[in-house]
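The values are calculated or read from the model by the stated rules, or taken from the named source; none is laboratory data. For clarity, every value in this text was computed on a predicted model and none was experimentally measured. Note: ideal-geometry Cβ built from the backbone for every residue, glycine included; neighbour counts use all protein chains shown. The protein model used for the area step is the full one, side chains on, heavy atoms only, and it has no ligands, DNA or RNA in it. Shrake-Rupley method; radii C 1.70, N 1.55, O 1.52, S 1.80 Å.
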Amino acid sequence: MKRLNILLFILVLLGSNSCYQEDPVEQEVIQLEPSDDPIDQFIQTEFLDKYGVAVRYRFVDRYVDPANRVSPPRRELVVEVLNFLLEFWIEPYLQVENGEEFFKAHVPGEIVLIGSFIFNDDGTVTLGTADSGARITLTEVNNIDETDPVWMIRQLGTIYHEFAHIIHQRYNLPNNFQLISPRGYTSAGTWTGITDDEALQRGYVSNYATSSFNEDYAETVAFILFDDDFFETYMEDEESCTDQACVERNEGRALIRQKFNTVVDHYEQSTGVDLLEVRARIQEKF
């Protein structure tokens, strides 16, 4: 996935609301009656039995704010989407040291699939949400196309981002993370007003990362995992700068290097999992 595709991902986020919800979610006891439905049987075998995860694919009002407008997932795409999650989200963790134990201990109890974006009354869209570690909601599943790098980046960026929220919800942000680039954060609702280049100059991997400390952490984790050009784009300085913008991008990269080291160390110390090993397993799949 090249730089152009990352820019497209960021542009899609321009109309998105905050994904992180701090309100507690009551996680119900998962009890399903035996079903002859092949989709339900697949979910029972691959998600409930193995990880204790219920997948909600039938549209239910209580999973979406009444003020939002959504389309339900198409039935014939549900298993395909779930196999995508198994391959690109679950398997990479299972393939690294301590990963299976970690994943089973931290995976949310529910995954909610929405066919479209979540359309909000104010004209914005929401790509996904993570609700206090208990539920991840994924949108746009009706557009599944693993040959489309834009769709792939949106989905992987969303799932890795939302899962990262679960980590900081349980273990807090790394020590001093909020002190690395404190003057670069935007005020509420204004992050869409800066470009990706300006975000880089401030020390962020995306403009959305400037919206809060929590989003900065989750975006950094997500970009480490899915962006094959992460090191070249965000870590390696441009040589022989001839203009101020280049100098400022390199200054931003110095801040991102600090965040990178802090995030990777915190992740391993808190969870026992090497984030870079997970990245390597993900990158092998492309």
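The figures follow:
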| quantity | calculated |
| --- | --- |
| Qualifying residue in the stretch 108-120 (condition: open to solvent by less than 30 Å² (accessible area, probe 1.4 Å), farther than 20 Å from Arg75 by Cα and in contact with a helix residue (DSSP H, G or I) (Cβ under 8 Å, 6 or more places away or on another chain)) | yes |
| Given (1) polar (S, T, N, Q); (2) in a helix (DSSP H, G or I); (3) crowded, with 17+ Cβ neighbours inside 10 Å, index of the condition Thr129 fails | (2) |
| Residues located in the stretch 146-174, provided they are free of Cβ contacts under 8 Å to residues at least 12 places away in the same chain and either open to solvent by less than 60 Å² (accessible area, probe 1.4 Å) or over 19 Å from the mean Cα position of the chain (by Cα) (or both) | Thr147, Asp148, Trp151 |
| Subset tally (residues that are in contact with a Cys (Cβ under 6 Å, 6 or more places away or on another chain) and either open to solvent by 60 Å² or more (accessible area, probe 1.4 Å) or among the charged types (D, E, K, R) (or both)) for the stretch 228-286 | 1 |
| Residue pairs meeting the criteria (Cβ under 7 Å; at least 6 apart or on separate chains; first touching a residue at least 40 places away in the same chain (Cβ under 8 Å) and under 13 Å from Ser116 (Cα atoms), in the stretch 66-86; second assigned to a helix (DSSP H, G or I) and open to solvent by 20 Å² or more (accessible area, probe 1.4 Å)) | Ser71/Asn142; Pro73/Asn142; Arg74/Asn142; Leu77/Asn142 |
| Number of positions in the stretch 191-217 that are open to solvent by 10 Å² or more (accessible area, probe 1.4 Å), outside any helix (DSSP H, G or I) and under 21 Å from Ala245 (Cβ atoms) | 2 |
| Every pair of residues 6+ apart whose Cβ atoms lie under 6 Å, when the first sits in the stretch 243-260 and is without any contact (Cβ under 8 Å) to a residue 12 or more places away in the chain while the second is hydrophobic (A, V, I, L, M, F, W, C) | Val247/Cys241 |
| Cβ-Cβ under 6 Å pairs, at least 6 apart or on other chains, the stretch 97-126 side assigned to a strand (DSSP E or B), far side at pLDDT 80 or above and aromatic (Phe, Trp, Tyr) | Leu113/Tyr57; Val125/Phe117 |
| Conditions (1) more than 16 Å from Ile166 (Cα to Cα); (2) more than 17 Å from the chain's Cα centre (by Cα); (3) among the hydrophobic types (A, V, I, L, M, F, W, C): number failed by Ala105 | (1) |
